[in-house]
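Working notes, structure below.
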Amino acid sequence: MSETGGLFLSFEGIDGSGKSTQARRLAEHLRGLGREVVLTREPGGSAGAEEIRALVLNGDPDRWSAETEILLFTAARRDHLERTIQPALDRGAVVICDRFADSTRMYQGLSRGDLRAQVDKLHALMIGREPDITLLIDMDPAEGLSRALSRTGAEERFETFGLELQQAMRRGYLDLSREYADRFRVIDGAGSPDVVFARLLPALPEISGARA
Ligand code: TYD
């Protein structure tokens, strides 16, 4: 929790994990309890970061090297933090962010080579903060992949991963949840959105109105 009472939550998971649906539902729930909620996403979430999103998610899969992607995602994150996230936290809002730096640790740091150290160095230099709580929606990779492929559209640079890579990403996220055990909460993503949401609320007893 920041000094002004703001709270920074992020959602993470492999493609097709259902985290965006859960982020939206949590935002609606907290608004219903009277909290100001800023629901945002990465890459994007500010005007400049949305421009970078278009650069990084559209086009040929080989358009950028992994190293250049680390720079682009971090540039977008810096703008998002300055323009959207920090001002909202300063007003005391709850910020719910669909992906944050853990996605760069996984997607650029793990799936496209062993670049985790570079991701962490740049993060320390230019971002320097983590969410207060990260909700990892843990999902069977085969199910996540079929969901992700069924809705593939124009922004498809990252959505053509095969099953093996999805499995490595899932393991990577679970490792990350142990590395940052103080802020991670792992939610079983199997089942309908209602079923998953019913698991989410008890994991957030501080703010959700649900008893643990
Ligand atoms: P998006 O359409 O928002 O997908 P999702 O619903 O899965 O979040 O696209 C975001 C894609 O960008 C997703 O495949 C993960 C990727 N990504 C990175 O590779 N690095 C990052 O730092 C972030 C934030 C996202």
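The values are calculated or read from the model by the stated rules, or taken from the named source; none is laboratory data. Remember, predicted model here, so these are calculated numbers, not experimental data. FYI the Cβ positions are ideal-geometry reconstructions off the backbone, even for glycines, and counts take in every protein chain you see.
Odds and ends about this structure:
- Screening ASP102 with (1) more than 14 Å from the chain's Cα centre (by Cα); (2) buried (at least 22 other Cβ atoms within 10 Å of the Cβ); (3) of a type in the set (D, E, K, R) gives one miss only, at (1).
- Residues of region 85-98 that are touching a helix residue (DSSP H, G or I) at 6+ places or on another chain (Cβ under 8 Å) and under 14 Å from PRO43 (Cβ atoms): CYS97, ASP98.
- Residue within region 84-106 that is within 11 Å of the ligand (Cβ to nearest atom) and either in contact with a His (Cβ under 7 Å, 6 or more places away or on another chain) or among the β-branched types (Val, Ile, Thr) (or both) present: yes
- Residue check for GLU42: touching a residue at least 60 places away in the same chain (Cβ under 8 Å) and touching a His at 6+ places or on another chain (Cβ under 8 Å): yes
- Close pairs from region 10-35: first more than 16 Å from ILE133 (Cβ to Cβ) and near the ligand (Cβ under 9 Å from one of its atoms), partner assigned to a loop (DSSP other than H, G, I, E, B) and acidic (Asp, Glu), Cβ under 6 Å, at least 6 apart: ASP15/GLU159
- Selection status of THR104, out of contact with any helix residue (DSSP H, G or I) (no Cβ under 6 Å at 6 or more places or on another chain) and among the hydroxyl-bearing types (Ser, Thr, Tyr): no
- Of all residues in region 146-161, those being under 17 Å from the mean Cα position of the chain (by Cα) and at pLDDT 75 or above number 0.
- Pair list, Cβ < 7 Å and 6+ apart or interchain, from region 97-111 residues that are of a type in the set (Lys, Arg) to residues that are more than 8 Å from the ligand (Cβ to nearest atom) and in a helix (DSSP H, G or I): ARG105/ARG116; ARG105/VAL119; ARG105/LEU176
- Taken over region 173-205, the criterion of being part of a loop (DSSP other than H, G, I, E, B) and either at positive phi or without any contact (Cβ under 8 Å) to a residue 12 or more places away in the chain (or both) is satisfied by ALA181, ASP182, GLY191, SER192, PRO205.
For (1) within 11 Å of the ligand (Cβ to nearest atom); (2) over 16 Å from CYS97 (Cβ atoms); (3) touching a residue at least 60 places away in the same chain (Cβ under 8 Å); (4) surrounded by fewer than 15 Cβ atoms within 10 Å (Cβ to Cβ), each residue gets a yes or a no:
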{"site": "LEU7", "(1), (2), (3), (4)": "no, no, yes, no"}
{"site": "VAL37", "(1), (2), (3), (4)": "no, no, no, no"}
{"site": "ALA47", "(1), (2), (3), (4)": "no, yes, no, yes"}
{"site": "LEU57", "(1), (2), (3), (4)": "yes, yes, yes, no"}
{"site": "ARG63", "(1), (2), (3), (4)": "no, yes, yes, yes"}
{"site": "ILE70", "(1), (2), (3), (4)": "yes, yes, no, no"}
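- Of the criteria (1) surrounded by fewer than 22 Cβ atoms within 10 Å (Cβ to Cβ); (2) part of a helix (DSSP H, G or I), which one ASP114 fails: (2)
- When residues in region 194-212 are screened for being more than 23 Å from GLY6 (Cβ to Cβ) and surrounded by fewer than 13 Cβ atoms within 10 Å (Cβ to Cβ), 4 of them pass.
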